[in-house]
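Everything on this sheet refers to the single structure shown next.
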Amino acid sequence: MATSTARPVVAGIDTSTAGRAAARLAAAEAVLHERPLCLLSADPAPAVREIRNSHPVLPIEGETVSGDLVDALVERSRAAHLLVVAAGHGFTTPPASPSTSFTRQFADPVSAQVAAHAECPVIIDSAGSAGMVGPVLLGAEDEADGPAVIEYAFAEALVRGVMLRVVHVWAEPPDGALSTVDPFAYDVEAAAEDADRLMAEWLAGWDSSYPDVVVSREAMHHPNVAQALLGLSADAALIVVSARSHPDLSGMLLGPVTGALLGRTHCPLAIMPARCSWPTPD
């Protein structure tokens, strides 16, 4: 049973259909992780009543937010186990580009702002996607993703009792990171073998830390990385990616692939913000 002293699952919601769905997803995550639930809203009372009716033993509180919801969520993330927000709109659909470096602007929706600045993992609910079945899908870019996003994916697979599917998708001929591949004599099969080797290196040691998690690796070439991950999300319970947030270099709140996934995945999207460490202490 969840304890009220543990770090809570915090959800930013409103009275819309998407907001109510995000509250239900947050409740499901709180039950799964045995955490209390906190709902932030301009008027949290209706959602609190709904969740209490469906989860009578779950510790839950509502917090009225009169100011900016992004600021409130980022502030609460410092002491939260997890944030849940509904997918925002106000960003443009990524073009069908052969490159992952497409230029994309979005008008700072709540989900993008929170995912860029939070200090705990953030789950974006896409159209009420709670209760999805399937593996946890880790979209691995490179070793720069760091151990936090990898451990989070393992932990989520363990708590759900499902397989962890690790996928590395690339769109361009590999550069020096795939050192055994000659870019002037590009061979997709050779690149896939090298990518699989690199994934094995990134994942080294985690199988001993999480021996009960079955792991599969898949290297995939696709002209649009985001589109490939979107397709794979249809068969997943959760997709996990890093924020890859470098606003000082690119001007974007999130990396291009992560930003393109917002609000478009077929299952909940978990983002590991740049300043987040995992696991969070209680």
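A few notes on this one:
- Length gained on full extension, ALA45 to THR5: 12.2 nm, using 0.36 nm per residue less the C-alpha separation.
- Net length gained if the chain between SER209 and VAL159 were fully extended (0.36 nm per residue, minus Cα distance): 16.6 nm
- When +1 charges are put on Lys and Arg Cβ atoms and -1 charges on Asp and Glu Cβ atoms, the dipole computed for region 1-87 relative to its Cα centre reaches about 260 debye.
- For region 59-71, the Karplus equation 6.51 cos²θ - 1.76 cosθ + 1.60, evaluated at θ = phi - 60°, returns couplings of x, 9, 9, x, 10, 7, 10, 9, x, 6, 5, 4, 4 Hz by residue, with Gly and Pro reported as x.
- In order through region 216-232: 3J(HN,Hα) via Karplus (6.51 cos²θ - 1.76 cosθ + 1.60), integer Hz, x for Gly, Pro: 10, 10, 8, 9, 9, 9, 8, x, 9, 4, 4, 4, 4, 5, 4, x, 5
- Label point distance in nm, SER66-ASN53, each placed 7 Å from Cα along Cα→Cβ: 2.9 nm
- Counting every other Cβ atom within 10 Å of each residue's Cβ, VAL169, VAL149 order from fewest to most as VAL169, VAL149.
- Across region 188-205, coupling constants 3J(HN,Hα) worked out from phi with the 6.51/-1.76/1.60 Karplus curve, θ = phi - 60°, read 4, 5, 5, 5, 5, 5, 5, 5, 5, 4, 5, 4, 4, 5, 4, 8, 4, x Hz, and Gly and Pro carry x.
Throughout, read-outs are computed from the coordinates displayed, never taken from laboratory work. No experiment lies behind these values; they were computed from the predicted model shown. Please note: Cβ atoms are built from the backbone with ideal geometry, for glycine as well, and neighbour counts cover all protein chains shown.
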